[in-house]
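Chemist: My structure is below; once you've seen it, I'll send some questions.
Derivation of every value follows stated rules applied to the coordinates shown; laboratory data play no part. It should be emphasised that the depicted structure is a prediction, and the values quoted were computed from it without experimental measurement. Cβ placement follows ideal geometry from the backbone for every residue including glycine, while neighbour counts extend to all protein chains displayed.
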Amino acid sequence: MKGKNVWVASFAAVVMIAIVLLLAGSSSVTANDQSSAATSEVKIDNFSFGPQTLTVPVGATVTWTNRDDIPHTSVSTDGVFKSKVMDTNETFSYTFAKAGTYPYYCSIHPKMTGQVVVK
Ligand SMILES: [Cu+2]
């Protein structure tokens, strides 16, 4: 009786480990597929966002990269997203789940503006 319980417990443990490994494997594959499917970049250089208007599909992740030697931010005019201060070569990413037009600016240099159009 005691020996059987030990066997059942270890079998259950092996099954649980297999399920955890299976779930971990499938979720990481899904995450990779999503990021490679829809990733767009805005480069910040010489006090401007490029492209100034970026059009992406719903669900896309936009990454801002500061290529300038001056710190910048990317702040949504409507409060949808807000980056920290990006130093040279630092990045900020935001995933757009809803269609719309998202104007933004640099809070350090408010004349720097851009927009993301999500369709
Ligand atoms: Cu700036």
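Chemist: Applying the Karplus parametrisation 6.51 cos²θ - 1.76 cosθ + 1.60 with θ = phi - 60° to the phi angles of region 75-89, what ³J(HN,Hα) value in whole Hz is obtained for each residue in order, glycine and proline being reported as x?
Modeler: Once θ is set to phi - 60°, the couplings for region 75-89 become 10, 5, 4, 9, x, 6, 9, 7, 7, 7, 5, 9, 7, 3, 6 Hz.
Chemist: Computed over the Cα atoms of region 37-84, what is the convex hull's projected area averaged over all directions, in nm²?
Modeler: Hull-based average projected area comes out at 3.8 nm².
Chemist: Under 19 Å from the Cα of Lys82, which aspartates and glutamates turn up, not counting those fewer than eight places away in the same chain?
Modeler: Once the sequence-local aspartates and glutamates are set aside, what remains near Lys82 is Glu41, Asp45, Asp68, Glu90.
Chemist: Can you pull the three principal axis extents for the Cα set of region 38-118, in Å, largest first?
Modeler: Cα spread of region 38-118 along its principal axes, largest to smallest: 32, 22, 19 Å.
Chemist: Among Phe47, Phe92, Phe81, which comes first, then next, by fewest other beta-carbon atoms within 10 Å? It would help to have the intermediate numbers written out before the result.
Modeler: Values: Phe47 12, Phe92 21, Phe81 18.
Taking fewest neighbouring Cβ atoms as first place, the list is Phe47, Phe81, Phe92.
Chemist: List the residues whose amide H sits under 5 Å from the amide H of Ala60, counting only those 5 or more places along or on another chain, with H placed 1.01 Å from N in the peptide plane.
Modeler: Correct list: Phe96.
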